[in-house]
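Since every read-out is calculated from the coordinates, none of them should be taken as a lab result. The structure displayed is predicted, hence computed values, not measured ones. FYI the Cβ positions are ideal-geometry reconstructions off the backbone, even for glycines, and counts take in every protein chain you see.
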Amino acid sequence: MHTHLLLMTLDDCYQLGSLGKPHGLKGFVVAFFDVDDLNDYRQLKSVLLEMPTAPGKLVPYGVEKFQPQAESRVLLKLQGIDRIEEAEPLRNAKLWRPLAELPALQDDQFYFHDVVGYTVVDQQMGPLGLVETFYELPQQDVLAMRYQGQEVLIPVVDELILNADQAARKLFVNLPEGLLDVYLSPSSPKPEDADEETAA
């Protein structure tokens, strides 16, 4: 067990998923992984567990077996957990991994935390504002951008979010027509001719 993992705080880590109920009698647990591709994690050697009883405290566990079952569901066998009685207390624990060990990304991919503070650049309108944060909503993830003093939410989907330029700290997007207007439309109706001038 690597002692340097014990020094990890939640700030140094990203949440990989969470544990569900024990599976069978031999210490397996059902795990739910919040990742795009489980195959990236087939060689997973260790995880950090945050127990429901000790929030904020990370305990390293070796991974003995990793058996994908469905898109986000895995059967995990952790070292030292060999009986259902030992697996039961792990129920609802959160799984974490060190940020330093995130799987390498392809050129056009990025992690949410990487692009906070980047300038959002639209294909048509040019630079708009800065990425402030991301919200993980039940329907989909959204990016929050500060634009003309307003918080604008952009769905995180491939059609809208194109790519990130890490050297220039820019995030390129292709926003649907009218998206920004929704956030900027004043509560009092404007005169029609003023509308036309701004649209021209």
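Arrange the peptides 12-23, 120-131 so that the one whose residues have, on average, the most other Cβ atoms within 10 Å appears first.
Answer by packing, highest mean first, reads 12-23, 120-131.
Give me the net charge for the shell around residue 50: Cβ to Cβ below 12 angstrom, other residues only, Lys and Arg +1, Asp and Glu -1. Could the numbers behind the result be given before it?
Working: positive: 57, 94, 97; negative: none.
Surrounding charge for residue 50 is +3.
Taking 30 Å as R0, compute the FRET efficiency from the Cβ-Cβ separation of residue 135 and residue 159 and round it to 0.05. Write out the running numbers ahead of the final one.
Details: r = 19 Å, r/R0 = 0.63.
The pair residue 135/residue 159 has a calculated efficiency of 0.95.
Tell me, in nm to one decimal, what length is gained between residue 85 and residue 100 on full extension, where the rule is 0.36 nm per residue of separation less the Cα-Cα distance? All intermediate terms of the calculation are to be shown ahead of the outcome.
Details: separation 15, 0.36 × 15 = 5.40 nm, distance 3.30 nm.
So the extension gain works out to 2.1 nm.
Taking residue 77 as the anchor, which lysines have their alpha carbon closer than 26 Å to its alpha carbon, excluding any fewer than eight residues away along the same chain?
Qualifying lysines at Cα under 26 Å: 21, 26, 45, 57, 65, 94.
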